[in-house]
1. Highest GNM mean-square fluctuation, the chain, Cα pairs closer than 10 Å: which of ASP18, ASP163, ASP120?
2. Near LYS80, within a Cβ-to-Cβ distance under 13 Å, what is the net charge of the other residues, with Lys and Arg +1 and Asp and Glu -1?
3. Which length gain, in nm to one decimal place, applies between ARG53 and VAL274 when the Cα-Cα distance is subtracted from 0.36 nm times their residue separation?
4. By the scheme Lys and Arg +1, Asp and Glu -1, what is the net charge of all other residues having a beta-carbon under 15 Å from that of THR14?
5. Based on the inverse mean of 1/r over its pairs of different Cα atoms, what is the Kirkwood hydrodynamic radius of the chain, in Å?
6. Restricting things to alpha carbons, find the Rg to Rh ratio for region 4-131 using the Kirkwood radius for Rh.
7. What is the sum of charges around GLY51, taking Lys and Arg as +1, Asp and Glu as -1, for the other residues whose C-beta is under 11 Å from the C-beta of GLY51?
8. Using a basic spin-label model with each label point 7 Å from the Cα along Cα→Cβ, how many nm lie between HIS20 and LYS233?
Amino acid sequence: MKVELFGVRGSMPTPGSDTHRFGGNTSCTYVTQNNGNALILDSGTGIAKLGERLLEQQGPICILLTHNHWDHIQGFPFFKPIYQPHRDITIVAGDVDDKNTQRAILEQMSGSYFPVRHQDLPSNITLNTELTAQTQFNLNGFSVSTAPLNHPGGGTAYCLFADGAKVAYVTDNELNPPLQTTTSISEWTAFIEGADLLIHDAQLIDADLPLKHGWGHSTIDQVAQLAINAKVKNMVIISHDPARTDEQLSEIESYLQTSYGNDVCIECGREGRVFEF
């Protein structure tokens, strides 16, 4: 299995001289099996570059969404395969609290939001709003398990199983929310246990609290400890704060590797990073 990071930034895109090393595109990860079957995780602005590659392929495209916040869907109108006639594209919506918003990825392409209406796209798009209410399903050759996110508005985390490997994708997620907890730390530990790779939101450092407590994100130390408790082999943090510079992320990465590196391979996510299992 191959895992490629196409977008690792949270909240909003951040192009610029201070963010080019880790990248400024919002959430998008591409997972490919050895036989070529693939899934896309989230449709932030990183999906635009991925789309350039997928134009050269002919197979179906499957997108798993965690939730509908802008940084997870805003790249979809610029995903070029949706403009290919008869290209088959399946989107699995996140299991969000407001079921009326599950079509947000398409409805952002309407009216005054975008000049091309989703109804006029020549591709064959199927939006599935049922699968993520299930705890387990199969999609494009992957076995997929789900868990509900601790995030304002809800959402879905995924574990993907294929080629004898396990990849956990958990973003955006607050491990210690101030009010109701949808999924507990012990449940997260069981969900991601033994993963070959954990991709988890860690937008916050301790100094960001208490202002951002309840905003739906975890701290770097919380996530590192979770990975160790769950005996995860490799961990990469994503959803970087849009104000966080390359220098600051390098400092965070050094801190994490010094503090936790004896127990888990850990790093800050970078656009273009590839993992193979």
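1. Per the Cα network of the chain with a 10 Å cutoff, ASP120 tops the list.
2. Neighbourhood net charge equals +1.
3. Using 0.36 nm per residue and subtracting the Cα-Cα distance, I get 78.0 nm.
4. -2
5. Values: mean 1/r = 0.0537 Å⁻¹.
Radius from the Kirkwood sum: 18.6 Å.
6. Looking at region 4-131, the ratio lands at 0.95.
7. Spelling it out: positives minus negatives among the neighbours equals +2.
8. The two pseudo-label positions are separated by 3.5 nm.
Only the coordinates and a few stated rules stand behind these numbers; no lab work does. Quantities reported herein were computed from a predicted structural model and do not represent experimental measurements. With ideal geometry, Cβ positions are generated from the backbone for all residues, glycine too; neighbour counts draw on all protein chains shown.
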